[in-house]
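What follows is one structure encoded as structure tokens, with my remarks underneath.
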Amino acid sequence: MIACLTPSERRIGLFLAVCLALLGLVMAAVGKQDPMAVHGFMALVLGGGLFFAIGGTLEEPAPDAARLHRYYDDPIKVGIVLAMLWGVFAMSIGLWVAGLMVWPDATFGKAWSSYGRLRPVHTTGVIFAFGGNALIATSFHVMQRTCRARLADQLSPWVVLIGYNLFLVWAVSGYLMGVTQSKEYAEPEWYADLWLVIVWLVYLVLYLRTLKRRAEPHIYVANWYYLAFIVVVAMLHIVNGLALPVSFAGAKSYPVFSGVQDAMVQWWYGHNAVAFFMTSGFLGMLYYYLPVRAQRPIFSYRLSIISFWGITFFYLWVGSHHLHYTALPTWVQNLGMTFSIMLLVPSWASAGNALATLNGAWHRVRDDATLRFMFVAAVFYGLSTFEGSFLAIRPVNALSHYTDWTVGHVHSGALGWLAMVTFGAFYSVIPQIWGRAGMYSPRLIEWHFWLALAGLLTYVFSLWNAGITQGLMWRTYNAAGTLNYSFIDSMEAMRPYYIARFLGGALFLAGICVGAVNIWLTIRGAQDVAGDRPFAPQVAE
Amino acid sequence: MSLFKAHYNLEKHSVGFVVAIILAASVGGLVEIAPLFTIDETVETLPDMRVYTPLELAGRNIYIREGCYACHSQMIRTLRDEVERYGPYSLAAESQYDHPMLWGSKRTGPDIARLGGKYSDDWHVAHLTNPRAVVPTSIMPAYPWLATTSLAVNDLGAHLATLRTLGVPYTDAMIANAPRDALAQARPDSEAAADVVERYGEATTLRRFSGADELTEMDAVVAYLQVLGQLTQAPYTTETTP
């Protein structure tokens, strides 16, 4: 793969590898006993490894000029494999933490394996590692195909992929060592946050440079969503991550905001991580792979415009619905509720647009499990956004907040929407970029589909029941006018639901394992079909 | 329609499109967040509100490190059943020195915003060491290593100084004596104990929290848990029925 880089790209790559190794060396040296030193050591090893890998190819001849007439798919392949590896890992951790709810002593008495440290490994692993790698990989694919242009250069996609995965390894290993800001979905410490900003800027610049080379006058709607994902996530990450380190030689920092302002910034970030990471980017995926797989054009161009700008504008207002009846001023809570309800319009416009696109292709939904993944994803996108607007209504939230209903809601989105659309997209793109006639086994795709659907339904039904039971028990009064249940009563009542949730998670995990095996068998086989080429060749350098 | 026509042109310009995204996405945050820093009523002024002592802050940092926020909220809502179950609803001022806030979003375990003073130190030590020894059906993880890990106190001054930069009113004397104060708070009969009270107020709890001779992480965590809801008495003295 490195031999595909031009000699000048190899030299720049070598220089960057040295910089990374030096950064790691400095972090390891100043960090001494601090966990930051461990992360410095990781960067040093990675930088050193890249140095030798690239250095060994410096003398090799420049790549064939014909490459400029082809798409650049190597980083997409690596991104997909990484996403699947992270997915299996993060969902396994998810199964473990679900098990801890039933068997709390399954931690071996070790600090790193207690629930509070493993839980962010699971959330970061699924959302940012599985989801993030899937988004980066598919965005590279979608932008090239919809622009009919090759990626602007061959080096920056690798900077994005490798840099982003270094961030993930820092984040996940940090939690296990106790390095966390305890800001939900934004746990990594200051140096990892800064590193991510650099990686993300490279990503944005690469995206814009590739768009500039497009052979199509219009930017296709999928790219709008990927762009919103990149731009708004950067904005959220930078503001919410503002922190002052105690010392530049250690991991610990204190966020600049406190109390009620910190709560609002955190949930402005937190809910829009859902919006722009888990929704916007994956809508980009849906808008490309669903019509391609269904062989139908998008139902409505105007509906796409309305839903895109509705989502981009409304979502940023709704974070305060996580803070109903708290010490946050009521006017902000009410704004959050109002916009949450309005948000249903663009959300259902998107879901409806996707489902209407399938009109005339329902026989394919029936016969093709890959398309069925995306169909279920669109349905669960519609269901989850409806549930989200519903839960944002203050009196409903009074019951649901702090309960497992919220966890069920998040998983209806994460499993039913995010993971389902990703699997559909992967099964569509893998044969194409690896040059195969199809996936190794269509039967295994069917197995994956039904395992995932069974797991998803088991999971969300058990936690819906759990959450509503919890919420009702907490507010039940007896005839004497006092609270009828102690807290521990409500915790004991959760046990059957937690067992059911564990089983649901196990089914979903089994599904992704089947998927990973199928993908492995597909890419291990011999190439039998030529990859596609751009219609209008562009010069890369 | 001309709006669709305008969009038809906009989607030919990538940089213009990015600028439009930034503009559309900025409004919500500006309207909802910026005023929280300027409207005085957002955070109440409580005369007796005190800062965390170095020992309590160290305990809070362990609470952060272990990810306790994932299962315990520290925010009692203005709902009748919550006030009756947990105590007066939380005021914004109570977390004004919390960088970050730890309001939480999930109650796998109960809210602990008003935990301070409800249980004895011994109960907390036994509970943290093995929750099922005191609450048989509890599903909380056990934290036995807290009692065997000595507390790192040497850099506590730097922690206080960092927080002062961010607006927490720590004095020079608090910063200079942070390690000493951390030890003294858990050694009520030591000479330095009186200085802790002088610096942090009469309401500061001085006890041998873990009961052990060495200052461990258990002392810090228990000191923190015992100060939850006790940094000010305002919620208990004013009318807080919703």
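Could you tell me which numbered condition A:Y287 fails, if it satisfies all but one of (1) facing chain B (nearest Cβ under 8 Å); (2) part of a helix (DSSP H, G or I)?
Of the numbered conditions (1) facing chain B (nearest Cβ under 8 Å); (2) part of a helix (DSSP H, G or I), the odd one out for A:Y287 is (1).
So, in the range B:1-46, exactly how many residues are farther than 20 Å from A:T312 by Cβ, assigned to a loop (DSSP other than H, G, I, E, B) and either free of Cβ contacts under 8 Å to residues at least 60 places away in the same chain or within 8 Å of chain A (Cβ to nearest Cβ) (or both)?
Residues flagged as farther than 20 Å from A:T312 by Cβ, assigned to a loop (DSSP other than H, G, I, E, B) and either free of Cβ contacts under 8 Å to residues at least 60 places away in the same chain or within 8 Å of chain A (Cβ to nearest Cβ) (or both) within the range B:1-46 amount to 3.
Against the definition (within 25 Å of A:R117 (Cβ to Cβ) and touching a residue at least 40 places away in the same chain (Cβ under 8 Å)), how does A:A28 come out, yes or no?
Working: within 25 Å of A:R117 (Cβ to Cβ): yes; touching a residue at least 40 places away in the same chain (Cβ under 8 Å): no.
Criteria not met by A:A28.
Taking the conditions exactly as written (more than 19 Å from the chain's Cα centre (by Cα) and among the aromatic types (F, W, Y)), does A:Y191 satisfy them or not?
Values: more than 19 Å from the chain's Cα centre (by Cα): yes; among the aromatic types (F, W, Y): yes.
Judged against the criteria, A:Y191 is a match.
Working only within the range A:189-212, note down all residues that are surrounded by 20 or more Cβ atoms within 10 Å (Cβ to Cβ) and in contact (Cβ under 8 Å) with a residue 60 or more places away in the chain.
Hits for the range A:189-212 are A:E189, A:W190, A:Y191, A:A192, A:Y203, A:Y207, A:T210, A:L211.
Output yes when any residue across the range A:422-445 is touching a His at 6+ places or on another chain (Cβ under 8 Å), over 24 Å from A:T138 (Cα atoms), at pLDDT 95 or above and crowded, with 24+ Cβ neighbours inside 10 Å, and no when none is.
Going through the range A:422-445, the residues touching a His at 6+ places or on another chain (Cβ under 8 Å) turn out to be A:423, A:429, A:433.
Those still in the list that are over 24 Å from A:T138 (Cα atoms) too: none.
No, every residue in the range A:422-445 fails to be touching a His at 6+ places or on another chain (Cβ under 8 Å), over 24 Å from A:T138 (Cα atoms), at pLDDT 95 or above and crowded, with 24+ Cβ neighbours inside 10 Å.
Among the residues of the range A:101-111, which ones are at pLDDT 95 or above and more than 7 Å from chain B (Cβ to nearest Cβ)?
Answer for the range A:101-111, where residues must be at pLDDT 95 or above and more than 7 Å from chain B (Cβ to nearest Cβ): A:V102, A:W103.
Give me a count of the residues in the range A:242-254 that are in contact with a Gly (Cβ under 8 Å, 6 or more places away or on another chain) and either at the interface with another protein chain (Cβ under 9 Å from one of its Cβ atoms) or surrounded by fewer than 24 Cβ atoms within 10 Å (Cβ to Cβ) (or both). Break it down stepwise before answering.
Within the range A:242-254, the subset in contact with a Gly (Cβ under 8 Å, 6 or more places away or on another chain) is A:249-251.
If we keep only those that are either at the interface with another protein chain (Cβ under 9 Å from one of its Cβ atoms) or surrounded by fewer than 24 Cβ atoms within 10 Å (Cβ to Cβ) (or both) as well, we get A:249-250.
Total meeting the criteria: 2.
Is it true that some residue in the range A:209-231 is modelled with pLDDT of 95 or more, among the small types (G, A, S) and under 15 Å from B:V15 (Cβ atoms)?
Scanning the range A:209-231, I find at least one residue that is modelled with pLDDT of 95 or more, among the small types (G, A, S) and under 15 Å from B:V15 (Cβ atoms), so the answer is yes.
What are the residues in the range B:82-113 that are small (G, A, S), at negative phi and outside any helix (DSSP H, G or I), if any?
Scanning the range B:82-113 gives B:S90, B:S105, B:G109, B:A113.
Exactly one condition in (1) part of a loop (DSSP other than H, G, I, E, B); (2) touching a His at 6+ places or on another chain (Cβ under 7 Å) is not met by B:L163; state its number.
So the condition that B:L163 fails would be (1).
Which of the following residues is touching a residue at least 24 places away in the same chain (Cβ under 8 Å), in contact with a helix residue (DSSP H, G or I) (Cβ under 9 Å, 6 or more places away or on another chain), under 26 Å from A:A263 (Cβ atoms) and part of a helix (DSSP H, G or I): B:Y69, B:Y52?
Values: B:Y52 fails: part of a helix (DSSP H, G or I).
Just one listed residue meets the conditions, B:Y69.
Of the residues A:V205, A:V239, A:V265, A:V274, which is assigned to a helix (DSSP H, G or I), among the aliphatic types (A, V, I, L, M) and within 7 Å of chain B (Cβ to nearest Cβ)? Can you show your working first?
Details: A:V205 fails: within 7 Å of chain B (Cβ to nearest Cβ); A:V239 fails: within 7 Å of chain B (Cβ to nearest Cβ); A:V274 fails: within 7 Å of chain B (Cβ to nearest Cβ).
Answer to the check: A:V265.
Give me a count of the residues in the range A:153-188 that are within 11 Å of chain B (Cβ to nearest Cβ) and not in a helix (DSSP H, G or I).
10
The values are calculated or read from the model by the stated rules, or taken from the named source; none is laboratory data. Source: prediction; values computed, not measured. No Cβ is skipped: glycine too gets one built from the backbone with ideal geometry, and neighbour counts run over all protein chains shown.
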